[in-house]
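The values are calculated or read from the model by the stated rules, or taken from the named source; none is laboratory data. Remember, it's a predicted structure, so these values are computed and weren't measured experimentally. Cβ coordinates were reconstructed from backbone atoms using ideal geometry, including for glycine residues, and neighbour counts include every protein chain displayed. To get the accessible areas, we keep the full protein, side chains included, count just its heavy atoms, and leave off ligands, DNA and RNA. Shrake-Rupley method; radii C 1.70, N 1.55, O 1.52, S 1.80 Å.
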Amino acid sequence: DDDDDDESAKPRRRRGGLAVVTLESNLRGGAVRPPSSSKGREEVGCGPPRKVELIATLRRAGFFVCVDASKFAATAPLDLETLDADYVVPPSFYKLFGAPTGLGCVVARRGPASQTLLRAKREALYFGGGTVERASASEARWEVIKRSFAEAFADGTPHYRGVADLAAGWAALDAVGGMERIQRHCRVLGAELHRRLRALTHSSTNAPVVRLYSDDPESSSVAAFNVLRDDGGVVSPSLVAALARGQGLVLRAGCACNVGACAEALGLSHEDIVRSWERGAACGSSDDLLPDGRPLGLVRASLGKDSTWEDVDRLATFLEATFRVVVHSGKSVLTTGAAASEEVDVDDDAAVVEEVQKKKGSSETLLYRLDEVRVYPVKGCAAADTPTSAWPLVRDGRLRHDRAWVVVDDVLGVAATTKTHPRLALVKPVFSYADDDEAASRRGVHDDVERRLRLRLVAPTDDDDATGEARASAPSLEVPLFFEQQRWDGVIPRGGATLEREEHVRICGAARSGAPVVTSAARLSLFFSRALLGVDDAARFRLVRSRSAETSFANAAPLLLVTRRAVARLNRDLAASDAQPVTADHFRANLVVSDGGAGAA
């Protein structure tokens, strides 16, 4: 209401206060049904009839009613007359047109509703430029808020460029048939997306690949879900979104700014949320699984006027190809294309060769060979020498003990990296068995032998490429793999660290939970000060261990991969610029793979 209201008209107080009614959840959706001959007008532009009845009941009971239509009106027509509410909050305009951002509105009914808001504005502790008729900067605060409802709430410079763009936005909606057609379009696509997601199952266990949280999958334009492993464990939502971005798909990971619905859907208690924050799991971070495997967020796919059948198919195909575990006749099989029926028995060499030959030169998936597995136990240090070529994965798909330790420089007050301490990359971790157990080495690293593992850090030599005797004679230090293996040596690290003390180390802006290594704390500091700076300092550096073998100090993705084809392609470009070539080592990848194409080793 942009017209001036009569300031003398006292706003009529309502005994009930303010009630907010949400037409559709931005996380779980809701019953957003299109108009049909069997439905009344109340369903065409204002959501389910029960919401209209609820609004009327609340107003009769003396409540001011605010309707949250920010999700509903993005994909459905909004009839303000039928709603008959005091206030309506439509979506920001970019959710309708794609642009402009930072522009929205609130609609208020003339009379007591708008007058009540104006009175609250006049009693507020702040005001912005353009909203007052006159103000005094004296000690006795005094200002007169403008009488126009629109002007009173327009703090600061209006977004006039964005307002000018709205005409083109409305024209774009009209060009596709208006909001009624958009509503039908999104409903059909939403039903198909939910159908495809519900149909995904792991053939190994017949367990679902996706857990959906939608209230009304037959009519919702949003699909909130988590991806499940074949054992029922949840895949990190942020990892799902990151992998989707690599396929050109934009998914939202987290709680979609709806913490209430998110906590209810995931069964999160207040204690769960507080404790997760205390250990560094902030909103938007990749640390989105609780220690017991429960997710702190979910993945949301939203459909709009520009969404297509092809988008739905690409998302369902991506989830199937990336996360579905396939087993046939007791043997592992490889899904080679969008159709789950195209399976190749990886135990049949002839079938694999035939499939590779068929895929060469096509745009479909090629088979890759895993050449090397590399573990980086200390963040920033070199890849570790390991006693076996096999290495276990932990719950989130990360290599066990990978980036499990981080060096902290107490003088700089930060985690040491190759940017702050370049020689850190020359420190060589070495895994070995304490009893040199050959049988254990052949079996690989599993829980029954891991307790015999030992980790030793070897300092850089004058010759960075030194091997053999030169490395054996270099200064080294053994690091306990597990907290219970730590021993007190009479030296308390800076800050009086104990085995129970928890501290947070900031990695890429997010706090990660860990505990200091207290065994030989002074020798640890001397080792790193000599290796990195060439000085003796028994109190500058500390080594911090993640709280368990299931967590790490990795920046984001649990596994880093590089292909030899990509390295060869990069070196061709570097040669053209007379630059020095690189190797796969430069990328500090956990997995180095090759394929049968050009440039593969």
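Here are a few things to note about the model shown:
- Pick from the range 541-563, criterion farther than 15 Å from VAL408 by Cα and in contact with a Gly (Cβ under 8 Å, 6 or more places away or on another chain), ranking: modelled with the highest pLDDT: LEU559
- Exactly one residue among LEU532, LEU524 is open to solvent by 10 Å² or more (accessible area, probe 1.4 Å), in contact with a Lys or Arg (Cβ under 8 Å, 6 or more places away or on another chain) and either closer than 16 Å to ALA416 by Cβ or part of a loop (DSSP other than H, G, I, E, B) (or both), and that residue is LEU532.
- Annotation: ASP447 fulfils all but one of (1) at pLDDT below 70; (2) more than 35 Å from the chain's Cα centre (by Cα); the unmet one is (2).
- All helices (runs of 4 or more DSSP H) inside the range 45-136 with 1 or more residues being under 36 Å from the mean Cα position of the chain (by Cα) and surrounded by 17 or more Cβ atoms within 10 Å (Cβ to Cβ): 49-60, 94-97
- Positions within the range 215-231 being at pLDDT 85 or above and either within 28 Å of ALA76 (Cα to Cα) or open to solvent by less than 20 Å² (accessible area, probe 1.4 Å) (or both), in sequence order: SER221, VAL222, ALA223, ALA224, PHE225, ASN226, VAL227, LEU228
- Whichever residue in the range 161-207 is in contact with a helix residue (DSSP H, G or I) (Cβ under 7 Å, 6 or more places away or on another chain) and open to solvent by 20 Å² or more (accessible area, probe 1.4 Å) and, among such residues, is nearest to PRO77 (Cα to Cα): MET179
- For the range 243-282, filtering for residues that are open to solvent by 30 Å² or more (accessible area, probe 1.4 Å) and within 20 Å of ARG512 (Cβ to Cβ) leaves 8.
- Unique residue being at pLDDT 80 or above, open to solvent by 40 Å² or more (accessible area, probe 1.4 Å) and part of a loop (DSSP other than H, G, I, E, B) when the list is ALA538, ALA575, ALA566: ALA538
- Residues of the range 370-402 that are touching a Phe, Trp or Tyr at 6+ places or on another chain (Cβ under 7 Å) and either modelled with pLDDT of 90 or more or not basic (Lys, Arg) (or both): VAL373, VAL375, PRO377, VAL378, LYS379, ALA383, ALA384, ASP385, THR386, PRO387, LEU399, ASP402.
- Number of residues in the range 282-302 that are under 15 Å from the mean Cα position of the chain (by Cα), of a type in the set (Gly, Ala, Ser), under 21 Å from LEU228 (Cα atoms) and not in a strand (DSSP E or B): the value is 4.
- Any chance VAL427 is crowded, with 18+ Cβ neighbours inside 10 Å, farther than 30 Å from ASP230 by Cα and out of contact with any Asp or Glu (no Cβ under 7 Å at 6 or more places or on another chain): yes
- Subset of the range 491-521 that is open to solvent by 40 Å² or more (accessible area, probe 1.4 Å) and in a strand (DSSP E or B) - its residue that is modelled with the highest pLDDT: ARG506
- Residue that is open to solvent by less than 20 Å² (accessible area, probe 1.4 Å), over 18 Å from TRP309 (Cβ atoms) and touching a Ser or Thr at 6+ places or on another chain (Cβ under 9 Å), where the choices are VAL234, VAL210, VAL240: VAL240
- Residue count, the range 384-406 (criterion: of a type outside the set (Ser, Thr, Tyr) and open to solvent by 20 Å² or more (accessible area, probe 1.4 Å)): 11
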